[in-house]
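Below is one structure, written out as structure tokens, with a few remarks after it.
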Amino acid sequence: MVVARIRLERGPVVCERGELATTLWTRTRGLLGRSGLADDEGLWIPTSSIHMFGMRFPIDVVYADREGRVLKLVRGIKPWRASWCVGARTALELPVGAIDRAGVEVGDHLVIEHT
């Protein structure tokens with residue numbers, strides 16, 4: 001699994017340990033089977049939609065376009081729900097509260113820093 005720091009172009013870190021779902025298996029599995037995310041974790045998935053079917057915990061989701069520009073923020077989506085964003089190429093799944101802690105806003109740019 002590829003791990004990277006994901007931050008806003010303007011500086012604040014969104015997650016220190018962002019897992020990049022780069023294979024079919026990691027994209028398909030997503031966060032299924034986990035009991036939660038640590039405050040500094042996240043999962044970057046190349047997709048415009050997510051589902052929470054079978055999930056055990058709520059998450060925050062940041063949708064971005066191919067350049068990393070934030071298009072939509074979803075706070076605290078609960079298990080057994082679905083979400084999507086027209087024009088998104090990426091969904092960044094985060095622990096609840098991460099969007100607010102990092103101060104992410106629509107229009108921000110996400111940057112991946114490989115560690």
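Rundown of residues vs (1) in contact (Cβ under 8 Å) with a residue 24 or more places away in the chain; (2) in contact with an Asp or Glu (Cβ under 8 Å, 6 or more places away or on another chain), yes/no style:
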site	(1), (2)
28	no, no
32	no, no
38	yes, no
43	yes, yes
50	yes, yes
65	yes, no
79	yes, no
91	yes, no
Pick from region 24-44, criterion modelled with pLDDT of 85 or more and part of a loop (DSSP other than H, G, I, E, B), ranking: farthest from residue 13 (Cα to Cα): 36
Considering only residues that are aliphatic (A, V, I, L, M) and at pLDDT below 85, look in region 1-23 and name the one that is surrounded by the most Cβ atoms within 10 Å (Cβ to Cβ). 2
How many residues, within region 45-67, are within 17 Å of residue 5 (Cα to Cα) and assigned to a loop (DSSP other than H, G, I, E, B)? 2
Residue count, region 2-29, condition small (Gly, Ala, Ser) and either farther than 25 Å from residue 107 by Cα or in contact with a Ser or Thr (Cβ under 8 Å, 6 or more places away or on another chain) (or both), comes to 1
Sole miss for residue 63 among (1) surrounded by 21 or more Cβ atoms within 10 Å (Cβ to Cβ); (2) in contact with a His (Cβ under 9 Å, 6 or more places away or on another chain) is condition (2)
Checked region 96-115 for anything closer than 20 Å to residue 2 by Cβ and either charged (D, E, K, R) or in contact with a helix residue (DSSP H, G or I) (Cβ under 9 Å, 6 or more places away or on another chain) (or both); matches are 113
Evaluate the following for residue 76: is it modelled with pLDDT of 95 or more, loosely packed, with under 15 Cβ neighbours inside 10 Å, part of a strand (DSSP E or B) and of a type in the set (Gly, Ala, Ser)? yes
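Report whether or not residue 106 is assigned to a strand (DSSP E or B) and of a type outside the set (Gly, Ala, Ser). Give the steps one after another, and end with the answer.
Details: assigned to a strand (DSSP E or B): no; of a type outside the set (Gly, Ala, Ser): yes.
Spelling it out, it is not the case that residue 106 is assigned to a strand (DSSP E or B) and of a type outside the set (Gly, Ala, Ser).
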Going by the structure shown, is residue 82 surrounded by 13 or more Cβ atoms within 10 Å (Cβ to Cβ) and either modelled with pLDDT of 95 or more or more than 21 Å from residue 115 (Cα to Cα) (or both)? no
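The values are calculated or read from the model by the stated rules, or taken from the named source; none is laboratory data. Please read these numbers as outputs of a predicted model, since none were measured by experiment. Positions of Cβ are generated from backbone atoms using ideal geometry, with glycine treated the same way; all protein chains shown enter the neighbour counts.
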